[in-house]
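This report concerns only the one structure given below.
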Amino acid sequence: MRRIRLGIALSACATLLLAGCGGGTVETMSGGAPAVATQGMAAPEARDLAAPKKQAAPQDGGSAVSGVKLAQRQQDRQVIYTGSMTVRAKQVIPAAQQAKQLVTAAGGYLSKEEAESAGDTEDSALLEFKIPPTRYADVTARLGKDLGKQLSMTQGTQDVTLQVADVESRLTSAQKSLESLRTLLKKAETIGQVLQVEREINSREADLEALQAQQKELATQVAMATLTLRLVGPVTVVEDPAEEPAGFLGGLKAGWEALVSFTKTALTVFGALLPWLVVMAPLVAAAVFLVRRNRARRPAPPAGPEPAEPGPSAA
């Protein structure tokens with residue numbers, strides 16, 4: 001019995017020793033499958049396996065490039081700038097000369113000018129300027145400040161980027177089509193084919209010239225902003241559409257203005273016809289007098305025999 005107990009004790013000790021030695025080599029995962037232990041690996045390698053992989057952060061250069069592309073797209077926009085300004089000046093003619101100098105110094109030019117002289121205090125002028133878009137805001141601010149008192153200012157923009165791109169695309173297609181027709185003309189063998197291709201070429205050339213003119217006009221409008229400047233004297237009446245009365249008073253005012261306009265037109269027509277009436281009236285009166293005198297001198301027709309009364313047989 002002692003030997004049996006000693007054997008059992010030695011067996012238990014050996015089992016415990018084997019279990020202690022193998023505890024650091026194999027461990028069980030939550031799913032029940034064995035996993036290789038990381039105790040024997042180096043610390044950096046273990047951290048690399050355990051830590052999740054992170055995405056590489058974008059560099060600063062990428063955001064800078066995207067910003068440049070966005071700015072370039074904004075610069076590629078084709079925009080037409082238009083504006084209208086009314087300024088009350090002490091003297092209209094000197095103010096118009098000053099406005100021309102300001103616009104010329106900014107790189108613009110005068111495209112149209114209309115002036116009305118009704119005295120020093122009632123003069124008015126209408127000037128249309130072409131101004132570079134980069135100097136447009138500065139020039140309008142100086143005109144409204146330096147020339148006198150700014151009464152009104154209206155500004156507008158029109159984005160024609162799609163229209164410009166469409167014209168350029170159609171222009172390229174027309175040029176390619178014209179080149180193909182000219183190549184086809186060289187290969188024509190009969191007179192009928194030559195005439196038919198020439199007619200088509202003439203039609204395409206006309207379309208091409210129209211597209212080129214449209215492209216040039218758009219480029220001119222985009223390259224220069226248009227500003228219409230109206231200068232009025234100190235006592236010149238400037239009508240403000242926003243202050244026009246509505247309803248009955250508005251209709252009464254519109255009717256009165258229409259009556260005055262019609263009266264002015266009628267008097268103008270009568271004044272234009274009056275010299276002709278003065279010259280033609282004596283001639284017409286003389287012609288009427290001669291016609292009546294000739295009728296009075298004309299002898300009366302002789303009286304014929306009276307017709308006999310019908311008898312019973314005729315009845």
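The values are calculated or read from the model by the stated rules, or taken from the named source; none is laboratory data. These numbers were taken from a predicted model, which means no experiment stands behind them. Backbone-built Cβ (ideal geometry, glycine too); neighbour counts: all protein chains shown.
Figures for the structure shown
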read-out	value
Any hit, region 236-253, residues being in contact with a Ser or Thr (Cβ under 8 Å, 6 or more places away or on another chain), surrounded by 14 or more Cβ atoms within 10 Å (Cβ to Cβ), closer than 30 Å to V92 by Cβ and not hydrophobic (A, V, I, L, M, F, W, C)	yes
Counted residues, region 187-239 - those being in contact (Cβ under 8 Å) with a residue 60 or more places away in the chain, part of a helix (DSSP H, G or I) and β-branched (V, I, T)	1
Any hit, region 265-272, residues being of a type outside the set (V, I, T), modelled with pLDDT of 85 or more and either surrounded by fewer than 10 Cβ atoms within 10 Å (Cβ to Cβ) or in contact with a Cys (Cβ under 7 Å, 6 or more places away or on another chain) (or both)	yes
Residue list for region 167-194, restricted to those being surrounded by 11 or more Cβ atoms within 10 Å (Cβ to Cβ) and aliphatic (A, V, I, L, M)	V167, L171, A174, L178, L181, L184, L185, A188, V194
Residue match in region 162-171 (condition: free of Cβ contacts under 8 Å to residues at least 24 places away in the same chain, touching a Leu at 6+ places or on another chain (Cβ under 6 Å) and β-branched (V, I, T))	no
Helices (runs of 4 or more DSSP H) contained entirely in region 83-186, each with at least 2 residues that are of a type in the set (S, T, N, Q)	92-105, 161-186
